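First comes the structure, then the notes that go with it.
The values are calculated or read from the model by the stated rules, or taken from the named source; none is laboratory data. Model, not experiment: these values are computed from the prediction. With ideal geometry, Cβ positions are generated from the backbone for all residues, glycine too; neighbour counts draw on all protein chains shown.
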Amino acid sequence: MKTYSDLNTPERILMGPGPSMVSSRVLRAMAHPLLGHLDPKFIELMKEVQELLRYTFQTQNEMTLPISGTGSAGMEATVANLLEPGDSILIVVNGYFGERLCDMAGRYGATVHRLNKDWGTAATPEEVDAALKANPAKVVAVVHAETSTGAMTPLEGMAEVVHKHGALLLVDCVTSLGGIPLKIDDWGIDIAYSGTQKCLSCPPGLSPVTVGPRAREAFHQRKTKVANWYLDLTMLEAYWGDDRTYHHTAPISMNFALREALRLVHEEGLEARQQRHRENAQLLWDGLEELDLRLIVPKEYRLPTLTTVAIPEGVNDMEIRKRLLDEYNIEISGGLGIFKGKAWRIGLMGHTSRRENVSLLLSALSRLLAR
Ligand SMILES: Cc1ncc(COP(=O)(O)O)c(C=O)c1O
């Protein structure tokens with residue numbers, strides 16, 4: 001009979017686009033004895049998770065909660081709750097995740113208008129203004145940090161333009177929350193989602209979402225039921241809000257992990273954390289340029305959390321990544337979509353964003369690329 005050995009996973013240095021490395025404090029939190037999901041102790045914890053999420057999102061939004069599911073579940077929840085068949089949405093498409101938003105919105109019967117930008121660049125509020133003049137929409141969706149390209153779309157001034165046209169601003173914060181400045185309330189963002197496995201440095205499995213007053217109002221104005229039962233945010237709020245009405249069984253241990261990961265964010269402080277991400281990214285960028293590697297995204301849009309590097313002519317993408325993993329225990333990632341085979345993606349998110357990781361990767365790359 002076949003026997004199965006003990007699980008024995010290597011401790012990788014996770015420098016890809018996510019998941020990022022997880023602090024031992026978060027892993028220990030996951031190992032706590034399980035509670036029932038309506039246990040008063042768990043209910044207390046749910047409240048703390050919500051408070052810490054509000055801090056991290058920089059919002060007062062009551063409806064702020066982690067959806068059970070990965071970042072795509074948050075994406076789908078926001079799309080499904082805002083859109084009814086026949087509604088229009090304008091989506092800024094400057095990478096792979098903008099494309100995914102188009103696919104999802106189309107599946108919920110929305111008319112999708114695209115504002116296409118080259119991969120590695122970002123749209124401006126003026127361009128969004130012009131696109132809305134041409135095609136009015138109920139919702140405008142923007143990916144704050146495009147993990148497929150390493151480009152950041154500046155959001156200051158975006159909501160003013162969107163609101164001027166009577167639309168709502170939906171933001172994907174999967175690779176920005178907890179790593180770079182993100183001010184939900186100050187920037188007027190109506191609804192946003194993220195994931196736990198990037199700059200929050202928690203395993204994948206939950207998707208923090210926050211909903212402001214205008215988006216809530218849009219939920220109330222719906223003529224049809226949300227077409228996705230599991231992701232109906234009004235029902236989820238009854239579970240996460242004061243009523244604690246049973247909806248589904250929350251993944252208990254994942255919420256233990258998220259509480260600890262958010263506690264780490266809170267202890268460090270958002271500004272110090274952002275500064276750490278900026279400094280380590282700068283070290284990485286300087287080191288890569290010293291190795292004569294070309295950074296794809298111009299500095300004005302470049303994300304400190306995710307760097308795309310052009311793979312030099314004649315270098316075998318797969319071979320270098322395999323050797324990094326086998327010989328140095330380091331994971332980086334290849335390109336997605338049109339960057340497949342052309343770029344490497346290097347993540348410096350959350351617990352991965354440390355000087356020693358940058359130094360190790362640079363010295364490994366310098367050896368592997370020496371010709
Ligand atoms: C910007 C962005 N949006 C959405 C997602 C989807 O998240 P998940 O893979 O956790 O479902 C990702 C994942 O990498 C992402 O980077």
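Filter region 207-259 down to the residues that are of a type in the set (Lys, Arg) and either under 20 Å from Phe42 (Cβ atoms) or modelled with pLDDT under 95 (or both), then identify the one that is surrounded by the most Cβ atoms within 10 Å (Cβ to Cβ).
Arg259
Test each condition in (1) within 16 Å of the ligand (Cβ to nearest atom); (2) of a type outside the set (D, E, K, R); (3) crowded, with 24+ Cβ neighbours inside 10 Å for Met152 and report the one that comes out false.
Looking at each condition in turn, Met152 falls short on (3).
Is it the case that region 187-205 has a residue that's buried (at least 24 other Cβ atoms within 10 Å of the Cβ), among the aromatic types (Phe, Trp, Tyr) and modelled with pLDDT of 95 or more?
yes
Would you mind stating whether Glu331 is over 27 Å from the mean Cα position of the chain (by Cα) and not assigned by TED's automatic domain parsing to the domain that holds Pro204?
When the stated conditions are applied, Glu331 does not pass them.
Take the conditions in the same structural domain as Glu62 (by TED's automatic domain parsing), in contact with a Leu (Cβ under 7 Å, 6 or more places away or on another chain) and within 14 Å of the ligand (Cβ to nearest atom) and apply them to Ala145. Does it pass?
Working: in the same structural domain as Glu62 (by TED's automatic domain parsing): yes; in contact with a Leu (Cβ under 7 Å, 6 or more places away or on another chain): yes; within 14 Å of the ligand (Cβ to nearest atom): yes.
Yes: the conditions hold for Ala145.
In this structure, is Gly69 small (Gly, Ala, Ser), within 16 Å of the ligand (Cβ to nearest atom), surrounded by 21 or more Cβ atoms within 10 Å (Cβ to Cβ) and in the same structural domain as Pro136 (by TED's automatic domain parsing)?
no
Suppose we keep only residues that are charged (D, E, K, R) and within 30 Å of Ala261 (Cα to Cα) within region 157-186. Which one would you say is surrounded by the most Cβ atoms within 10 Å (Cβ to Cβ)? Working first, answer last.
Applying the first criterion (charged (D, E, K, R)) to region 157-186 yields 160, 164, 172, 183, 185-186.
Now drop any that are not within 30 Å of Ala261 (Cα to Cα), which leaves 172, 183, 185-186.
On the way: Asp172: 28, Lys183: 14, Asp185: 14, Asp186: 13.
Among them, the one singled out is Asp172.
This table checks each residue for (1) of a type outside the set (Phe, Trp, Tyr); (2) in contact (Cβ under 8 Å) with a residue 24 or more places away in the chain; (3) out of contact with any Cys (no Cβ under 6 Å at 6 or more places or on another chain).
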| position | (1), (2), (3) |
| --- | --- |
| Leu52 | yes, yes, yes |
| Tyr55 | no, yes, yes |
| Glu84 | yes, yes, yes |
| Val92 | yes, yes, yes |
| Asp103 | yes, no, yes |
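Could you say which residue among Ser253, Ser201 is small (Gly, Ala, Ser), touching a residue at least 12 places away in the same chain (Cβ under 8 Å) and within 16 Å of the ligand (Cβ to nearest atom)? Write out each step before concluding.
Working: Ser253 fails: within 16 Å of the ligand (Cβ to nearest atom).
Step by step, each of Ser253, Ser201 is checked, and only Ser201 is small (Gly, Ala, Ser), touching a residue at least 12 places away in the same chain (Cβ under 8 Å) and within 16 Å of the ligand (Cβ to nearest atom).
Of everything in region 96-116 that's in a helix (DSSP H, G or I) and of a type in the set (A, V, I, L, M), which residue is nearest to the ligand (Cβ to nearest atom)?
Applying the first criterion (in a helix (DSSP H, G or I)) to region 96-116 yields 96-107.
Next cut, of a type in the set (A, V, I, L, M) only: 101, 104-105.
Values: Leu101: 8, Met104: 10, Ala105: 14 Å.
Once the filter is applied, the top-ranked residue is Leu101.
Only residues that are buried (at least 16 other Cβ atoms within 10 Å of the Cβ) and either free of Cβ contacts under 8 Å to residues at least 24 places away in the same chain or in contact with a helix residue (DSSP H, G or I) (Cβ under 7 Å, 6 or more places away or on another chain) (or both): list them for region 294-312, please.
Result: Leu295, Pro304, Thr305, Thr307, Thr308, Val309, Ile311.
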